[in-house]
Amino acid sequence: MKIPRFRTIIRLISGPAIIAGSLATFTLASAGPAAAGQPVTQTLTPPPPSFETCKTVGNGFICDGARTESYGPDDTGIVCGSGAGAFDIFDQGIHNQHAIRFYNAAGDLTRRVIYDQFVSQFTNPLTGAAIPYTQHNTTTDILAVPGDLASATETTTGVNNFTVPHMGAVFLNAGRTVFGADGTLEFSAGPHGFIDFDNGNTAALAELCTALGAS
């Protein structure tokens, strides 16, 4: 199964194309810290992505940036229905992201915060039926070993809502999850249908599949 943890979007992992000129379209109040300080001369481990700008702030460094990406249609790997009418759900849309990295004086990453916003849709490729959805989530990685992302504990909060006109919400994924450095789910609060589905509960997506035309 290719559903990544809290969020349902797969294209972010597989490398969507960045829309030129749109990096400034998504801003958050928390973007301020990296606006001050001196240019960074210290080697940063791991290095920040190319869309982030880094500054020296206090006893360390902060990198932050924003980008807008389009993706899809991508096969989610979620199968609805059975027999000849079975289909894989496809996903496509727009992803806005603002990311901040915090490095210590030695240049090692200690914390990373990512704000994601999606305006997208799930589709049935056999009929063209589509369900729009919105998603907002905040992911915070705390590194037990500075500079080593593999040591990070990941906490995500947010909401993912699928709504059909004249029917209302057909699926809601919301709340908080905490994953340990080894990928183990350590805490979960709120409805997390995608995690339930990934754990073998196919009924978790029954209403969503029905709205897309599954029989």
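Summary table below
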{"item": "Index of the failed condition, residue 158 passing every other in (1) part of a loop (DSSP other than H, G, I, E, B); (2) of a type in the set (Gly, Ala, Ser); (3) more than 18 Å from residue 124 (Cα to Cα); (4) open to solvent by less than 50 Å² (accessible area, probe 1.4 Å)", "result": "(1)"}
{"item": "Residues of segment 71-83 that turn out to be of a type in the set (Ser, Thr, Tyr) and either modelled with pLDDT of 95 or more or outside any strand (DSSP E or B) (or both), as a count", "result": "1"}
{"item": "Contacts under 9 angstrom Cβ, first residue in segment 39-65 being touching a residue at least 24 places away in the same chain (Cβ under 8 Å) and hydroxyl-bearing (Ser, Thr, Tyr), partner open to solvent by 30 Å² or more (accessible area, probe 1.4 Å) and part of a loop (DSSP other than H, G, I, E, B), 6 or more apart", "result": "45/106; 45/146; 45/148"}
{"item": "Identity of the residue in segment 45-70, assigned to a loop (DSSP other than H, G, I, E, B) and hydrophobic (A, V, I, L, M, F, W, C), that ends up surrounded by the most Cβ atoms within 10 Å (Cβ to Cβ)", "result": "57"}
{"item": "Segment 115-150, residues that are small (Gly, Ala, Ser) and under 22 Å from residue 73 (Cα atoms)", "result": "120, 128, 129, 130"}
{"item": "Only one of 127, 134, 138 that is open to solvent by 60 Å² or more (accessible area, probe 1.4 Å) and in contact with a Gly (Cβ under 9 Å, 6 or more places away or on another chain)", "result": "127"}
{"item": "Residue, most open to solvent (accessible area, probe 1.4 Å), within segment 166-185, restricted to residues that are farther than 20 Å from residue 131 by Cα and touching a residue at least 24 places away in the same chain (Cβ under 8 Å)", "result": "181"}
{"item": "Residue satisfying all of: in segment 34-44; open to solvent by 60 Å² or more (accessible area, probe 1.4 Å) and either closer than 21 Å to residue 97 by Cβ or touching a strand residue (DSSP E or B) at 6+ places or on another chain (Cβ under 6 Å) (or both); modelled with the highest pLDDT among these", "result": "38"}
{"item": "Residue in segment 107-121 that is closer than 28 Å to residue 47 by Cα, open to solvent by 60 Å² or more (accessible area, probe 1.4 Å) and under 14 Å from the mean Cα position of the chain (by Cα) present", "result": "no"}
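Residue-by-condition table, conditions (1) more than 19 Å from the chain's Cα centre (by Cα); (2) closer than 20 Å to residue 89 by Cα:
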site	(1), (2)
128	yes, yes
131	no, yes
161	no, yes
168	yes, yes
175	no, no
198	no, yes
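The values are calculated or read from the model by the stated rules, or taken from the named source; none is laboratory data. Remember, it's a predicted structure, so these values are computed and weren't measured experimentally. When we count neighbours, we look across all protein chains shown, and the Cβ atoms used for this are built from the backbone with ideal geometry, even at glycine. Calculation scope for accessible area: heavy atoms of the full protein, side chains included, ligands and nucleic acids excluded. Shrake-Rupley method; radii C 1.70, N 1.55, O 1.52, S 1.80 Å.
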